Amino acid sequence: MEKKKSAFGQRACLLVSLLTSFITTFLGSALNLSVPAIGREFAVSASFVSWIATVYMLTCALLAIPFGLLADRLSRTLILRAGIGVFTVSALGAAFVGSMWLLLALRAVQGVGAAMIFATNIAILTTVFAAEKRGRVLGYTVCANYLGLAAGPLLGGLCSHYLGWRAIFIAAAVVSGAAFFAALKKLPPAEKNLAQGNKEKQARPLGQLCHNASFTCAALAALINYGAVYAAGYLLSLYLQIVCGLPAQKAGLVLIASPLVLALFSPWCGKLSDRLMPQKLSALGMAVCAVVTAAFSFLGQESKLLLVIVLLAGCGLGAALFSTPNTNAALAAVDKSIHGLATSVLAAMRSLGHSLCMAVVTAAAALKLGALQLDEAEPQQLMQTLRLCFYIFAALCFLGIFVALRRKT
């Protein structure tokens with residue numbers, strides 16, 4: 001009976017983790033294709049409309065660690081349920097806004113909910129699954145993450161083209177609402193976590209992480225890789241729609257290549273990281289991302305779509321080799337009692353990486369385009385902005401190779 005109960009709890013936790021991993025990435029990638037449409041509706045500049053992504057990621061980065069500490073001390077289940085609820089309500093509200101400022105405010109609130117989710121969904125999994133299965137389970141969650149990224153451009157493009165960008169938020173609210181219902185009904189009862197692990201270690205959780213070289217390098221590598229890959233997707237959505245002149249739904253079909261490859265290879269990379277040295281796998285993945293990001297800078301108005309798809313697929317393979325092994329190595333380096341904090345730090349690095357790289361994009365757009373709206377920019381002007389960003393992100397990824405290799409475990 002105990003084994004059956006344990007297996008049910010594992011399946012329930014995995015289901016909720018997969019749903020939340022999917023929807024948090026789906027919404028971001030779907031909105032990328034709606035940026036021009038939102039800019040047109042609210043008549044705002046290219047640099048201003050990019051805050052739709054930035055304010056969400058910045059809020060996640062600022063709050064993930066505090067929520068991780070709170071979850072480890074109180075209840076990971078309780079924080080996760082609350083986070084899904086906040087995410088659902090804010091997504092529904094964003095579908096009916098009448099101004100850009102209100103949309104940004106709700107995106108910030110949504111970032112609060114996402115921070116609570118990121119602080120707990122992976123930590124709960126590492127609690128209920130054995131260490132030898134950690135890489136495999138993490139691979140499944142990364143697969144869900146990037147299935148969300150893959151579905152985002154496709155479904156987001158279709159929604160934006162046929163129903164308008166507001167339909168994307170409604171779809172997100174429906175899926176996250178289902179995750180909230182599953183979390184309420186299927187997760188084990190909320191329990192306090194103070195009794196878990198060594199109390200002396202729990203007294204200085206941040207100190208443990210700060211003095212852990214393996215974890216620190218993993219966190220820094222995550223900041224670099226996630227930021228560069230996310231920004232590349234955003235930039236290519238602009239390239240395909242404005243430079244190449246593709247409608248949103250066709251651009252989405254092209255952009256699906258990267259997250260689809262990533263989703264396909266992530267479970268395999270997770271299993272591989274349980275057997276091989278994960279830092280070498282993540283360094284290899286960073287190297288692939290660096291080469292592909294540099295190659296993006298050579299795209300132009302006459303580039304073939306097949307070349308874009310091949311490069312996107314290469315980016316997805318590199319991200320798959322990096323993501324799960326990097327997370328597996330990071331969690332293996334710390335005590336299980338602070339996995340909530342550890343996953344929060346990794347989530348914060350991911351969100352901070354997204355925010356910093358989007359800040360680079362915003363600065364480049366302001367420098368090259370000024371107050372012009374995206375639709376008003378000449379393709380050549382926009383390409384100068386994109387190339388400058390790709391140069392910067394490729395350099396960061398090359399630096400990230402050495403960061404990934406400096407780990408001890």
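A few remarks follow.
- Qualifying residue in region 300-307 (condition: buried (at least 23 other Cβ atoms within 10 Å of the Cβ) and either in a helix (DSSP H, G or I) or touching a residue at least 12 places away in the same chain (Cβ under 8 Å) (or both)): no
- The residues on offer are Leu58, Leu102, and the sole one that is at pLDDT below 85 and part of a helix (DSSP H, G or I) is Leu58.
- Any hit, region 310-321, residues being within 27 Å of Cys269 (Cβ to Cβ), touching a residue at least 40 places away in the same chain (Cβ under 8 Å) and part of a loop (DSSP other than H, G, I, E, B): no
- Hits in region 311-343 (condition: at pLDDT below 80, buried (at least 24 other Cβ atoms within 10 Å of the Cβ) and among the small types (Gly, Ala, Ser)): Gly340
- Arg407 meets the stated requirement of being assigned to a loop (DSSP other than H, G, I, E, B) and either at pLDDT below 90 or surrounded by fewer than 18 Cβ atoms within 10 Å (Cβ to Cβ) (or both).
- Any hit, region 71-80, residues being surrounded by fewer than 21 Cβ atoms within 10 Å (Cβ to Cβ) and either closer than 22 Å to Leu356 by Cβ or within 16 Å of the chain's Cα centre (by Cα) (or both): no
- Applying a threshold of 6 Å to beta carbon distances and a minimum spacing of six or more residues, or different chains, the list of pairs starting in region 108-130 at a residue that is within 15 Å of Asp335 (Cα to Cα) and ending at one that is small (Gly, Ala, Ser) reads Ala123/Gly340; Leu125/Ser17; Val128/Gly9.
- The residues listed here are Ala294, Ala363; of these, the one that is surrounded by fewer than 21 Cβ atoms within 10 Å (Cβ to Cβ), under 19 Å from Cys389 (Cα atoms), at pLDDT below 85 and out of contact with any Gly (no Cβ under 9 Å at 6 or more places or on another chain) is Ala363.
Residues checked against (1) modelled with pLDDT of 90 or more; (2) among the hydrophobic types (A, V, I, L, M, F, W, C):
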| site | (1), (2) |
| --- | --- |
| Ser90 | yes, no |
| Val109 | yes, yes |
| Gly113 | yes, no |
| Ala119 | no, yes |
| Leu125 | no, yes |
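- Leu255, sole failed condition from (1) buried (at least 20 other Cβ atoms within 10 Å of the Cβ); (2) modelled with pLDDT of 85 or more: (2)
The values are calculated or read from the model by the stated rules, or taken from the named source; none is laboratory data. Keep in mind the model is a prediction, meaning the values are calculated, not measured. So basically every Cβ, Gly included, is an ideal-geometry build from the backbone, and we count neighbours across all protein chains shown.
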